[in-house]
1. Taking the stretch 41-66, which residues are more than 10 Å from the ligand (Cβ to nearest atom) and open to solvent by 70 Å² or more (accessible area, probe 1.4 Å)?
2. Spot the failing condition for ILE8; the list is (1) within 25 Å of THR170 (Cβ to Cβ); (2) more than 11 Å from the ligand (Cβ to nearest atom); (3) surrounded by 20 or more Cβ atoms within 10 Å (Cβ to Cβ), and only one is missed.
3. Does any residue in the stretch 23-40 that is touching a residue at least 12 places away in the same chain (Cβ under 8 Å) and more than 8 Å from the ligand (Cβ to nearest atom) come within less than 6 Å, Cβ to Cβ, of a residue that is of a type in the set (Val, Ile, Thr) and open to solvent by 30 Å² or more (accessible area, probe 1.4 Å) six or more places away or on a different chain, and which pairs are these?
4. Taking the stretch 134-150 on its own, how many of its residues are in a loop (DSSP other than H, G, I, E, B) and not acidic (Asp, Glu)?
Amino acid sequence: MKTVTLEIDGKQVTAEEGMTLLQAANQVGIAIPTLCHDERLKPAGVCRICTVEISRGDWKRMVASCVYPVEEGLKVTTDNEHIRKIRRMLVELMWPAWTRVDKDLEPAHPRFDSGHPDCNMCGLCIRYCRQVLKKDVLYWEGRGVDRHLAYVPGMGKECVTCRQCFSLCTGGWIVACHGYDEEQPAK
Ligand code: FES
């Protein structure tokens with residue numbers, strides 16, 4: 001097993017080659033907020049909430065830690081005012097993404113709150129359905145601003161009985177769509 005050594009928040013960290021920055025940070029107890037990430041799924045790097053700053057000499061850049069691989073000698077900063085500003089803005093744009101976001105990032109006065117459950121386009125339900133359940137009931141339909149979540153025709157009913165991705169939904173859309181309520185499950 002090949003390893004690389006990097007610095008995360010001033011700590012020397014040894015990680016297995018191929019690990020992501022998020023995994024390397026987590027293994028030494030450094031938490032990074034995530035939204036579209038789930039350990040059971042292949043990382044997709046959609047939401048950018050896990051943004052961290054990487055640097056090497058004078059060179060610096062922001063990357064999504066859930067997809068960026070560890071590199072020898074890299075310096076990683078997981079939290080500073082600039083990173084928090086980026087994360088807060090992203091959370092605000094996706095609001096209400098209340099179910100999986102660090103409370104510290106919750107906007108006091110969200111400017112873009114649609115006031116109802118919405119799809120955050122995180123893709124967790126699609127990836128979970130495909131990669132874990134091997135069902136492929138959901139997919140993205142349309143392009144650009146018209147892109148939206150859709151059911152393979154005739155397959156939506158299957159979700160009412162399955163519901164396994166419901167707890168992953170970051171915007172509440174899939175739950176609202178099925179009228180799902182834990183105390184009063186949809187029939
Ligand atoms: S958690 Fe990394 S991009 Fe969403």
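1. Answer for the stretch 41-66, where residues must be more than 10 Å from the ligand (Cβ to nearest atom) and open to solvent by 70 Å² or more (accessible area, probe 1.4 Å): LYS42, ARG56, GLY57, ASP58, TRP59, LYS60, ARG61.
2. All conditions are met except number (1).
3. These pairs meet every condition: ARG40/VAL132.
4. Number of matching residues: 6.
The values are calculated or read from the model by the stated rules, or taken from the named source; none is laboratory data. Keep in mind it's a predicted model, so treat the numbers as computed, not measured. With ideal geometry, Cβ positions are generated from the backbone for all residues, glycine too; neighbour counts draw on all protein chains shown. Accessible surface is based on the protein model in full, side chains and every heavy atom, while ligands, DNA and RNA are left aside. Shrake-Rupley method; radii C 1.70, N 1.55, O 1.52, S 1.80 Å.
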